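Worksheet: one structure, shown below.
The values are calculated or read from the model by the stated rules, or taken from the named source; none is laboratory data. Note that the structure is predicted; figures quoted are calculated from it, not measured. Don't worry about glycine lacking a Cβ; one is built from the backbone with ideal geometry, like all the others, and counts go over all protein chains shown.
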């Protein structure tokens with residue numbers, strides 16, 4: 001693939017982003033290819049070393065804030081006429097309510113996802129505190145001469161410690177999964193804006 005083919009493919013993949021951002025990224029990758037060619041690589045090898053166009057475009061979209069993409073999407077391409085402004089003002093109760101409802105649904109899904117991870121960490125913390133408390137209480141019972149009760153408490157504390165260690169790994173995995181899932185949801189929303197922009201062009 002030549003440098004020009006790479007830049008053309010990248011431009012197509014970034015349709016929907018602010019035009020200034022697209023030009024900035026194209027300039028960045030153009031300079032990167034030129035630098036690698038100056039280092040002795042052929043044009044094809046320089047382009048190949050950057051990666052696939054689709055992967056580069058997806059990474060750029062993922063790194064771009066959703067607010068920037070949405071702002072670019074809703075920004076009018078021309079000045080609004082007087083009657084369009086009147087319609088927007090009169091329709092405010094409807095479109096604002098719908099926008100608020102969509103925002104509330106997305107926010108509630110985000111909170112629900114994170115509440116699962118937070119509750120798992122709370123279970124881990126409670127198991128850890130129970131383990132420490134029961135082991136200390138078991139040692140105290142041993143000192144007071146209640147050997148069987150003390151051993152039972154220490155045993156229960158060790159069981160809680162084992163469950164706590166297991167819960168730590170479960171909580172860590174759930175947190176990583178939640179981060180990955182929220183990133184994928186954000187990328188999906190961004191992709192919807194990008195695809196709509198592609199159809200409009």
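One residue stands out among those in the range 31-69 that are surrounded by fewer than 10 Cβ atoms within 10 Å (Cβ to Cβ) and assigned to a helix (DSSP H, G or I): the one that is modelled with the lowest pLDDT, which is 67. Of all residues in the range 1-24, those satisfying the criterion of being within 13 Å of residue 54 (Cα to Cα) and under 22 Å from the mean Cα position of the chain (by Cα) are 13, 14, 15.
Are any of the residues in the range 70-81 at pLDDT 80 or above and outside the structural domain of residue 184 (by TED's automatic domain parsing)? Within the range 70-81 (the criterion being at pLDDT 80 or above and outside the structural domain of residue 184 (by TED's automatic domain parsing)), the answer is no, since none of the residues qualifies. Look at residue 127 and say whether it is in contact with a helix residue (DSSP H, G or I) (Cβ under 7 Å, 6 or more places away or on another chain) and either more than 30 Å from residue 159 (Cα to Cα) or modelled with pLDDT of 85 or more (or both). It is true that residue 127 is in contact with a helix residue (DSSP H, G or I) (Cβ under 7 Å, 6 or more places away or on another chain) and either more than 30 Å from residue 159 (Cα to Cα) or modelled with pLDDT of 85 or more (or both).
Tell me whether the range 92-100 contains one or more residues that are part of a helix (DSSP H, G or I), under 30 Å from residue 58 (Cα atoms) and at pLDDT below 85. Yes: the range 92-100 contains one or more residues that are part of a helix (DSSP H, G or I), under 30 Å from residue 58 (Cα atoms) and at pLDDT below 85. Applying the criterion of being in contact with a helix residue (DSSP H, G or I) (Cβ under 7 Å, 6 or more places away or on another chain) and within 25 Å of residue 168 (Cα to Cα) to the residues of the range 140-156, the residue that is surrounded by the fewest Cβ atoms within 10 Å (Cβ to Cβ) is 156. Residues that are more than 15 Å from residue 181 (Cβ to Cβ) and free of Cβ contacts under 8 Å to residues at least 12 places away in the same chain were ranked within the range 109-133; the one that is farthest from the chain's Cα centre (by Cα) is 129.
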